[in-house]
Amino acid sequence: MSDPVPASYTIAIDGYSACGKSTLARALARRLGYSYIDTGAMYRAVTLHLQRNGTNLAAPEEVAAALAGLRIAFRPQDNHVLLNGEDVEGEIRGLAVSRQVSQVAALSRVRRAMVEQQRRMGADGGVILDGRDIGTVVFPDADLKLFVTAELETRIGRRLEELLAAGRKVSRADVAANLQERDYIDSHRADSPLRQADDAVLLDNTHLGLEELVERGVELVAGIRTAKK
Ligand code: DC
């Protein structure tokens, strides 16, 4: 039998929108008994906060003032994101937030605040974080870095299904436009653009079921010690 996985690793999962990163991260965290930090949910919560405040994104001092009044946390029992104590898990997944989140996530001020909080939350290890800059910026020394991809049509189909299942009225065209626009902005912004870290393992999720994807993740985690020797 292989040795149990130490409780201290830091695992970074990055990739494009709706490629299955969060599903993998959540399932892998459950398997390993690790905690899971959905950093995309944090940028979504900031976006909702700025929208509610009517903040002008082009005015740095307005953004700074809004950030000063912002507290983001995850509810331990179900990992729902809390914005100043309010459960906004449902609201942050809608198109209104999805349409603006990449603009908000491109603001350096916002990124600084989020990265700092993410480093604090992950400082003790035993954690899986998913996002766009985890392996490149937040935890460049992570024990394992995964970069997940999937073909665009697969990603559109999966995200559409998820949104329809959650009772949202969206069309395939809306979802397609949103994913492509976010991918473009996320990978072309000046501050911490989305890119695969040089030492990240590429996982193509186009034709994999969740079980297979998680098994592959577990194997890679088990291989960390071998790689470190
Ligand atoms: O993972 P997601 O689709 O919920 O993320 C929403 C947006 O947040 C994404 O389009 C880009 C931004 N993001 C980011 O810039 N950096 C991260 N670490 C995570 C998300």
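Read-outs throughout are calculated quantities, based only on the coordinates presented, and are distinct from any laboratory measurement. Being a predicted model, the structure only gives us computed values, none of them experimental. Every residue, glycine among them, receives a Cβ derived from its backbone with ideal geometry; neighbour counts consider all protein chains shown.
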Values of log10 I(q)/I(0), in the order q = 0.11 Å⁻¹, for the chain under a Debye, Cα-only, solvent-free model:
-0.54
Below 8 Å, C-alpha to C-alpha, sequence gap of six or more: please give me the relative contact order for the chain in percent.
33
Name the most mobile residue of D198, D78, D14, meaning the one with the largest mean-square fluctuation, in a Gaussian network model of the chain with Cα contacts below 10 Å.
D78
Could you work out the helix-only [θ] at 222 nm for the chain, with each DSSP H run of four or more residues adding -39,500 (n - 2.57) and the total divided by the number of residues, to the nearest 500 deg cm²/dmol?
-15000 deg cm²/dmol
Counting only DSSP beta bridges with both residues in the chain, tell me the antiparallel percent, nearest 5.
20
Could you identify which residue out of A59, A123, A200 has the top mean-square fluctuation in a GNM of the chain using Cα springs shorter than 10 Å?
A59
First measure r as the distance between the Cβ atoms of D191 and T226, then evaluate 1/(1 + (r/R0)^6) with R0 = 25 Å and state the FRET efficiency to the nearest 0.05.
0.10
For segment 125-219, state which trypsin sites (Lys or Arg not before Pro) are in a DSSP loop and have at most 11 other beta carbons lying within 10 Å of their beta carbon.
K169
Between segment 17-73 and segment 200-228, the alpha-carbon center distance in angstrom
25
Hydrodynamic radius (Kirkwood) for segment 100-229, which is based on Cα pairs only, to one decimal in Å
16.6
Sticking to Cα atoms, compute the Rg of segment 169-229 to one decimal and its Dmax as the biggest Cα-Cα distance, whole number, in Å.
16.5, 52
Tell me which trypsin sites (Lys or Arg not before Pro) from segment 24-83 have a DSSP coil assignment and no more than 16 other beta carbons within 10 Å of their own.
R71
Cut-off 17 Å (backbone N to label point 7 Å along Cα→Cβ of E212), residues of segment 127-151:
148-151
For the chain, with a Gaussian network of springs between Cα atoms less than 10 Å apart, report the residue from G33, G209, G15 with the top mean-square fluctuation.
G209
